[in-house]
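A quick write-up on the structure given underneath.
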Amino acid sequence: MLAGKSIVLCVTGGIAAYKAVELCRLFVKAGAEVRVIMTSAAKEFISPLTFVTVSGNPVYSELYAAVERYDVAHVGLAAEADLFVIAPATANCIGKIASGIADDLLTTAVMAAASTVLLAPAMNVRMYENPITQSNIKKLTVLGYQIVEPEEGELACGDIGRGRMADPETIFRVSASLLARDKCWQGRRIIVTAGPTREALDPVRYISNHSSGKMGYAIARAAAIGGAEVVLVSGPTNLAPPVGVRMAQVVSAQEMREAVMSYFPQSDVVIKAAAVADYRPSTASGQKIKKGGDMTLTLVRNPDILAELGELKEGRYLVGFAAETEDMCANAHDKLRRKNLDMIVANDLTEPGAGFDVDTNVVRFIFNDGTERQLPKMSKTEVAEEILKEIYARYRYKKTRKSD
Ligand code: CTP
């Protein structure tokens, strides 16, 4: 699967260094050419000879040592690599890369890297949760570095929490998908909306819903990996912006409408995964409302953004979502027709593993030609990939028909 790919595996000094051996073996077994860089701290945990044996290549460590194959090791390694994987990535290493410090072979090579860099953080839970580490990770993510989140569990130091390096198999799978990124969406502009909207009652209170934004963020991430130029119009969520995606942060439905409308003229595809509040308070008080007796709220309708796009869509491919608790198919068909959509992704919120704030979803695709496709329960990342595959096939067909 990875035949002919050149991977630079960077190993830093953490107890998880031993797991990098298994990762190295998985890469080699899949046909990749692996070159290992170790920091001097990493060599305290594991012998370079282990990596020499598993990778079949010399191990690189010294910035100034004469290396038989590369005149300038860090530049040679950086230029040749299809992918850099840093596993484990310690807090120190993450901090150095985020700050532009290049004081050893590893950090120098990473700084010179032209390829994607994937980091697998591994450290004590408090080090991981430290706002400095979190802000470094966020900075790297925004700059396009890829992160495989550590897992929760018992740590080598005896603490329990998030900090354990992701499984070698998981890192391997993420690496493989990064290397296999199909750029079929290159040159296309996709708008994705995600998350809830908040409709203010006063400066401290609002009406909203349980949407976590996970489905929309997964779609935006998958579209960017596919090479699309993606704008993610997002209501308030706790999620990190996906790599390579332009963020438009909004709060209310009206703000979401404005943002979507401003990007719409240049777009090819719009995927509306956001859970837009259908109503807002008729007035938002400028001051905090003080309690008194019972209170009656008057709500007014928000604009239906998707329905508006349906009227303006021309050649664009328009995808909506329908989250239902009853009569899923009938309601979804009705929304598809009413809003002039090409496709609707319907889910039944009463089904286990579907809906808000979970990592899985159970969805049914309904298309404007009357065809339907039921998907089994799968991760939101997988659902996102399936949605994009369907859109790609159908959008291309629509385009071809138009130019006939
Ligand atoms: N949507 C929108 N603007 C709104 C409301 C919804 O763009 N004001 C979009 C959502 O992003 C989603 C789809 O429309 O793609 C959901 O359709 P909708 O009919 O609004 O579903 P519900 O909000 O669940 O409405 P209903 O009460 O009719 O079930």
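Tabulated values for the structure
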| read-out | value |
| --- | --- |
| Enumeration of residues in region 272-298 that are touching a residue at least 60 places away in the same chain (Cβ under 8 Å), open to solvent by 50 Å² or more (accessible area, probe 1.4 Å) and within 16 Å of the ligand (Cβ to nearest atom) | Y279, R280 |
| Scan of region 290-324 for residues that are within 24 Å of V363 (Cα to Cα) and part of a strand (DSSP E or B), ordered by number | Y317, L318, V319, G320, F321, A322, A323, E324 |
| A330 vs. criteria within 15 Å of the ligand (Cβ to nearest atom), open to solvent by 10 Å² or more (accessible area, probe 1.4 Å) and among the small types (G, A, S) | yes |
| Filtered residues of region 46-64 (kept if hydrophobic (A, V, I, L, M, F, W, C) and either surrounded by 18 or more Cβ atoms within 10 Å (Cβ to Cβ) or assigned to a loop (DSSP other than H, G, I, E, B) (or both)) | I46, F51, V54, V59, L63 |
| The lone exception for V269 - which of (1) within 31 Å of the chain's Cα centre (by Cα); (2) more than 13 Å from the ligand (Cβ to nearest atom); (3) open to solvent by 10 Å² or more (accessible area, probe 1.4 Å) it fails | (3) |
| Any hit, region 23-35, residues being under 13 Å from A89 (Cβ atoms) and either without any contact (Cβ under 8 Å) to a residue 12 or more places away in the chain or open to solvent by 40 Å² or more (accessible area, probe 1.4 Å) (or both) | no |
| When residues of region 314-324 are limited to those that are near the ligand (Cβ under 10 Å from one of its atoms) and modelled with pLDDT of 95 or more, the one nearest to E351 (Cα to Cα) | A322 |
| N302, sole failed condition from (1) closer than 19 Å to Y217 by Cα; (2) within 9 Å of the ligand (Cβ to nearest atom) | (1) |
| Single unsatisfied condition, S135 versus (1) open to solvent by less than 40 Å² (accessible area, probe 1.4 Å); (2) farther than 21 Å from D82 by Cα; (3) among the hydroxyl-bearing types (S, T, Y) | (1) |
| Output for region 240-266, where each listed residue is open to solvent by 40 Å² or more (accessible area, probe 1.4 Å), in contact with a Lys or Arg (Cβ under 7 Å, 6 or more places away or on another chain) and part of a loop (DSSP other than H, G, I, E, B) | A240, V251 |
| Residue satisfying condition, being open to solvent by less than 10 Å² (accessible area, probe 1.4 Å), in a loop (DSSP other than H, G, I, E, B) and outside the structural domain of V276 (by TED's automatic domain parsing), within set A166, A156 | A166 |
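The values are calculated or read from the model by the stated rules, or taken from the named source; none is laboratory data. Owing to the predicted nature of the structure, the values given are computational and were not obtained by experimental measurement. Quick reminder, even Gly has a Cβ in these numbers, built from the backbone with ideal geometry, and neighbours come from all protein chains shown. For accessibility, only protein heavy atoms count, side chains too; no ligands or nucleic acids. Shrake-Rupley method; radii C 1.70, N 1.55, O 1.52, S 1.80 Å.
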